[in-house]
1. Taking the Cα centre of the stretch 14-301 as origin, work out the dipole magnitude from +1 charges on Lys and Arg Cβ and -1 charges on Asp and Glu Cβ, in debye rounded to 20.
2. What residue among G142, G38, G394 has the largest mean-square fluctuation in a Gaussian network model of the chain, using Cα springs under 10 Å?
3. Enumerate the amide H contacts of G253 below 5 Å, restricted to partners 5 or more residues apart or on another chain; note that Pro and chain-start residues carry no placed amide H.
4. Quote the FRET efficiency, to the nearest 0.05, computed for N7 versus E46 with a Förster distance R0 of 51 Å and r equal to the Cβ-Cβ distance.
5. Taking θ = phi - 60°, what integer Hz values does the Karplus form 6.51 cos²θ - 1.76 cosθ + 1.60 yield along the stretch 77-91, in sequence order, with x for Gly and Pro?
6. Antiparallel DSSP bridges in the chain: what percent, to the nearest 5?
7. Would you please give the residues with an amide H less than 5 Å from that of S395, counting only those at least 5 places away or on a separate chain, with H modeled from the backbone geometry?
8. From the phi of every residue in the stretch 293-301, what ³J(HN,Hα) in whole Hz does the Karplus formula 6.51 cos²θ - 1.76 cosθ + 1.60 yield, where θ is phi - 60° and glycine or proline is x?
Amino acid sequence: MIYLDNNATTRPSDAAAQAVHVALSSLWANPSSVHRAGQEVRHAIELARKELAALLAVPTKELILTSSGTESIDLAIRGVIDARDARDHPNHPDHHPTGPAETRPLNLVTTPIEHAAVRELTRHLEATGRVELRLLPLDSRGMADPEALPGLLDDRTALVSVQWANNETGVIQPIERIAEACRKAAVPLHCDAVQWVGKMPALRDEETKRRRDGVAEGVEAGERTSSLRLSVSPSLPCDLLTLSAHKFHGPKGVGALWVRRGVGLVPQTLGTQELDRRGGTENVAGIVGAGVAAREAAGWLADPTARAKLAVLRDRFEQSILRRVPGAAVNGHDCPRLWNTSNIAFPPLEAEALLMLLSERGLAASAGAACSSGSLDPSPVLLAMGIPEKLAHGSLRFSLSRETTAQEIDEAIEIVVGAATQLHRSSSSSL
Ligand code: PLP
């Protein structure tokens, strides 16, 4: 089977799987125990945290380990809103009443093409009267318009939450320009970087090189890890950032939330772990595996030609299909995209029939959001991009991983072209 579906990137690397295995049998003590065995486990967690922080080039202390990207998103969004509410409370030390008591609800700005973890949560917060939801407009490629952002921000905006790259189309959002508008308005920005981290460098290549060469200003002494030195003034283009280990060949069930120092965040799960910011005994084996995956991803990212080669493979895949399958079209084209994602409409075919035939012939792909690929409703992301329902219904997503080979891509092209041609024939003969 050739995996060009979500599983392509979520297969744990051999080293990550091995680290999980070893940790399960040898690091079983509770990391909160003060005895030696407990402290060994604590040490292993802290080493993994360092590797994950190094992947983002942020100070280790600012990274909160969680159970998933979804939990990190929940903590970021609810945590910042609760902190803002607390600040607005008359008893808060930073509360400076300037007029009559505030009656306007807080508002939250996001896009209509976020992953369900953000989309469902923000809709829920709106439905329960917690916030007013404001949506950044998109162009037909699925890129948010940063020019429209200042008009949506005001003194009641608690948070802006925008993904770095889309999970269905790979379209990269203009996050630096969005960050600039947030900075000017003094509004915190949360970035769902689940699809970005591990596939693209958190810092620009030049900045990563400067830091690796040790010439960056403000390098924090003692924060040296296997891959990077960390700066005391992290230059990620946001204030909070979510990652998920299984998107870069780590185990499932490990996420992290980076929170810039000084950003108010109210914990959502009470407990003493994670410096009182997220209670619950840690998923030790998963975290250890995630640390190994982060170190491998940082090593892979250090060579930009590796991802350039995969982008060439993805482009070859798309161009061959567009040339050989009548009517096929790429959703989210002509704009910056992740090297690994391709979303193709095959009108007038239905995604379900095509997916099944591909699977029979040895190719795994996904329809709509992979996280809900059991459901074959048209993707809300494609609909929000203005793609007609008929095209959205017949769209498939193909994902490459850093392990995808040229031979797999060539075989996949033949399978897709063969299956689409067969279904086109049978649909025209049934007319
Ligand atoms: N955000 C994006 C963009 C995703 O693609 C996903 C999962 O695919 C998530 C959030 C949720 O992450 P997790 O599966 O770790 O909960």
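1. 500 debye
2. Maximum among the listed residues: G38.
3. Here H246 satisfy the definition.
4. For R0 = 51 Å, the calculated efficiency reads 0.95.
5. For the stretch 77-91, the Karplus curve yields 6, 5, x, 6, 5, 5, 5, 5, 4, 5, 5, 6, 6, x, 7 Hz.
6. Beta bridges within the chain, antiparallel portion: roughly 55 percent.
7. When sequence neighbours closer than 5 places are left aside, the close amide H contacts are F346, A351.
8. 4, 5, 5, 5, 5, 4, x, 5, 5
Each value in this text was obtained by applying a stated rule to the coordinates, not by laboratory testing. Note that the coordinates shown come from a computational prediction; the quantities given were computed from them, not determined experimentally. Note that each Cβ is placed from the backbone with ideal geometry, even for glycine, and that neighbours are counted across all protein chains shown.
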